[in-house]
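Trainee: Please find one structure pasted underneath; my questions will follow.
Coordinate-derived values only; no laboratory data. Please read these numbers as outputs of a predicted model, since none were measured by experiment. Here the Cβ positions follow ideal geometry from the backbone for every residue, glycine too, while neighbour counts run over all protein chains shown.
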Amino acid sequence: MKDFTFHIPTEVVFGRGTERQAAELVKKHGGTKVLLVSGGHSAEKSGLLGRIRQDLTAAGIPFESLSGVQPNPRLSLAEKGVEIVLKNGIDFILAVGGGSVIDTAKGIAIGAANPGTPIWDFWSQKVPVTKSLPVGVILTIPAAGSEMSDSAVLTNDTIHQKRGLSTQWNRPKFAIMNPELTLTLPVYQVACGVADIMMHTMERYFSPVVGNELTDAIAVALLRTVIRNGKIAVGDPHNYDAMSELMWAGSLSHNNLTGLGGIKDFATHQLGHELSATFNVAHGASLTSVWGSWAKYCMPHNPERFASFAEGVWQITEGSTEEKALRGIEKTVDYFRSIGMPVCLSELGVGIQSEEELRGLADRCVFHGTRTIGQFLKLDGEDCYRIYKDANH
Ligand code: NZQ
Ligand code: ZN
């Protein structure tokens, strides 16, 4: 087991009606003036934003609003948020939505706490983060896990780059999780969330460090829970119990619990981010469209790990190590297909790519040859090209 630090300062408030505690939690965490950040329309339409505004007003907390966050959130909107915060003396950012809204809130918080430095300087790792404003979350979709994670992913809409930034400063002060708020989700978004939650655990399970018995057991239990409840939720998105399991799993999957003592891989995420930056596709779908190709490419490097995954997650016990490994990959890909997720580029809706386009995707993914991606197997531009090519049907 590798050494680790595990510090998750986020206060979780889970259950029906808990969004009504938002104003009180803002005060508890030092907020006196709030920027309310939200997405396109779902939180307005459901009445959630109305309730939050009412409660902030009743609690005597002044606020400004910034709506219109889009999936694969844009840097330019976060910059606009920083202006509002600085102009109005705001000291707390409250995100109402999913990963895109939360990550925009994190971007605003870092940008506003460091007014002389462009936000992208932090996301492109030019400048380390040493301060941020506090962020609180009211979660409306179980998926990205940003409500407890140390990361935030923004898309620079000028240079078309999607980049994640990991820092302890990104951990929200509180996360309100009421599964009732997810019951308006379209089935496709539920499935994208299921895929992303699974992937956050798989990206940690496929680690070059193995033999962490408890961490592996937690990862396998989480995956089995998400697979079972994901199927129920996609068939019945109004199922409170299934959405509750997904919501909690989404947070645990990405707060680092499922990878303690190991080393994260995250190659599939980098391959997916390049697809989202280029084609603006949903994050969960970008991952499932390449995971099977990534897995087949990496399996020969460590078939034992894939066989353990097949045994633990899918109870595949018959056959040689390699047969079990391959069967586990097939079962996972079949599962993605069964919940309506794409498992190749044409199903992702980006058509069939030319050789030149595939080479371009791979080259951008490895920052023009200046980095490799992944840890389970370190992948260079040629490896990424082969994985995209295998998924290109
Ligand atoms: O904008 P609205 O109208 O709210 O619609 C949203 C959006 O279209 C809709 N939605 C959310 N809650 C809803 C709802 N519709 C009806 N009812 C509700 N209750 O869902 C759509 C997707 O929202 P989004 O926030 O984009 O989803 P998600 O949570 O999957 O976030 C994806 C983003 O998070 C990043 C991804 O790369 C992507 O940009 N990630 C962030 C991570 C982190 N910060 O730790 C880790 C992840 O790996 C991921 O990279
Ligand atoms: Zn993800």
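Trainee: If we count every other residue with Cβ under 14 angstrom of ILE373's Cβ, Lys/Arg +1 and Asp/Glu -1, where does the sum land?
Mentor: Charge balance in the 14 Å sphere: 0.
Trainee: At what distance in angstrom do the alpha carbon centres of region 187-261 and region 369-393 lie from each other?
Mentor: Between the Cα centre of region 187-261 and that of region 369-393, the gap is 25 Å.
Trainee: Roughly how compact is region 187-391, stated as its Cα Rg over 2.2 N^0.38 Å to two decimals?
Mentor: Against the compact-globule rule of thumb, the ratio is 0.97.
Trainee: Then there is this: Give me a comma-separated list of calculated 3J(HN,Hα) values for region 379-393, in order, Karplus coefficients 6.51, -1.76, 1.60 applied at θ = phi - 60°, integers in Hz, x for any Gly or Pro.
Mentor: 10, 9, x, 5, 4, 4, 4, 5, 5, 4, 5, 5, 7, 8, 8
Trainee: While we're on this one: For the chain, just say rounded, prolate or oblate: build the C-alpha gyration tensor, square-root its eigenvalues into a ≥ b ≥ c, call rounded for a/c under 1.5, and beyond that prolate if a/b exceeds b/c, oblate if not.
Mentor: Taking the square roots of the gyration eigenvalues as a ≥ b ≥ c, the chain is prolate.
Trainee: Given charges of +1 on the Cβ of Lys and Arg and -1 on the Cβ of Asp and Glu, with all other atoms neutral, how large is the dipole of the chain about its Cα centre, in debye to the nearest 20?
Mentor: Magnitude of the dipole: close to 880 debye.
Trainee: In terms of the Cα gyration tensor, with a ≥ b ≥ c the square roots of its eigenvalues, is region 11-181 rounded because a/c is under 1.5, prolate because a/b exceeds b/c, or oblate?
Mentor: Since a/c reaches 1.5 and a/b is larger than b/c, the shape of region 11-181 is classed as prolate.
Trainee: Could you give P(r) for region 191-290, binned at 10 Å from zero, as whole percent values over all Cα-Cα pairs?
Mentor: 17, 44, 32, 7
Trainee: List the relative contact order of the chain as a percent without decimals, with contacts defined as Cα pairs under 8 Å and 6+ residues apart.
Mentor: Dividing the mean separation by the residue count of the chain yields 15 percent.
Trainee: Now a separate question. Taking neighbour Cβ counts within 10 Å as the exposure measure, how do ARG20, ARG364, ARG204 sort from fewest upward?
Mentor: Placing the least packed residue first, the sequence is ARG20, ARG364, ARG204.
Trainee: Which residue fluctuates most in the GNM of the chain (Cα springs below 10 Å): CYS344, CYS192, CYS298?
Mentor: Maximum fluctuation in the GNM of the chain, among the listed residues, is at CYS298.
Trainee: Using a/c under 1.5 as the rounded threshold, could you call region 6-88 rounded, prolate or oblate? The axes a ≥ b ≥ c are square roots of the C-alpha gyration tensor eigenvalues, and prolate needs a/b larger than b/c, oblate otherwise.
Mentor: rounded
Trainee: Net charge near SER124, counting Lys/Arg +1 and Asp/Glu -1 over other residues with Cβ under 15 Å of its Cβ?
Mentor: +2
Trainee: Okay, moving on. How tilted is helix 240-254 with respect to the longest principal axis of the chain? Cα atoms for both, answer in degrees (0 to 90, nearest 10).
Mentor: 80 degrees
Trainee: Taking θ as phi - 60°, what are the ³J(HN,Hα) couplings along region 298-307 by the Karplus curve (6.51, -1.76, 1.60), each to the nearest whole Hz, with x for Gly and Pro?
Mentor: 8, 3, x, 6, 7, x, 4, 5, 5, 5
Trainee: Something else about it: Quick one: what are the phi-derived ³J(HN,Hα) couplings along region 169-175, Karplus 6.51/-1.76/1.60 with θ = phi - 60°, whole Hz, x for glycine and proline?
Mentor: 5, 7, 6, x, 6, 8, 9
Trainee: I'd like the distance between the alpha-carbon centres of region 327-344 and region 77-122, rounded to an integer number of Å.
Mentor: Value for the Cα centre distance between the two parts: 37 Å.
Trainee: Moving to a separate point now. Just name one of LEU86, LEU257, PRO128: the one whose Cα is farthest towards the positive end of the charge dipole of the chain (beta-carbon charges, Lys/Arg +1, Asp/Glu -1).
Mentor: LEU86
Trainee: Averaging sequence separations of C-alpha pairs under 8 Å and six or more residues apart, then dividing by the length of region 11-181, give the relative contact order as a whole percent.
Mentor: The value is 28 percent.
Trainee: Between HIS301 and ARG51, what's the calculated FRET efficiency when r is the beta-carbon distance and R0 is 51 Å? Round to 0.05.
Mentor: The pair HIS301/ARG51 has a calculated efficiency of 0.50.
Trainee: Now for a different question. So between SER76 and GLU330, what do we pick up on full extension, going 0.36 nm a residue minus the alpha carbon distance?
Mentor: 87.4 nm
Trainee: Once amide H atoms are built 1.01 Å from N in the peptide plane, which residues 5 or more positions from GLN161, or in another chain, come under 5 Å H to H?
Mentor: Excluding prolines and chain starts, which carry no amide H, the hits are ASN156.
Trainee: No solvent, one uniform scatterer per C-alpha: report log10 I(q)/I(0) for region 252-352 via the Debye equation at q = 0.17 1/Å, two decimals.
Mentor: So the normalised log intensities work out to -0.86.
Trainee: Assuming R0 = 41 Å, can you tell me the calculated FRET efficiency for the pair ALA221 and LYS378, based on Cβ-Cβ distance, to the nearest 0.05?
Mentor: 0.90
Trainee: Hey, which of these cross-link pairs are over 30 Å Cα-Cα: LYS27/LYS126; LYS106/LYS324; LYS162/LYS378; LYS87/LYS162; LYS80/LYS378; LYS45/LYS173?
Mentor: Beyond 30 Å between Cα atoms: LYS27/LYS126; LYS106/LYS324; LYS80/LYS378.
Trainee: Looking only at region 45-69, which residues have a backbone nitrogen under 20 Å from a spot 7 Å from the Cα of GLU11 in the C-beta direction?
Mentor: 52-63
Trainee: What does the charge add up to near THR158, with Lys and Arg as +1, Asp and Glu as -1, over the other residues with Cβ less than 11 Å from its Cβ?
Mentor: -1
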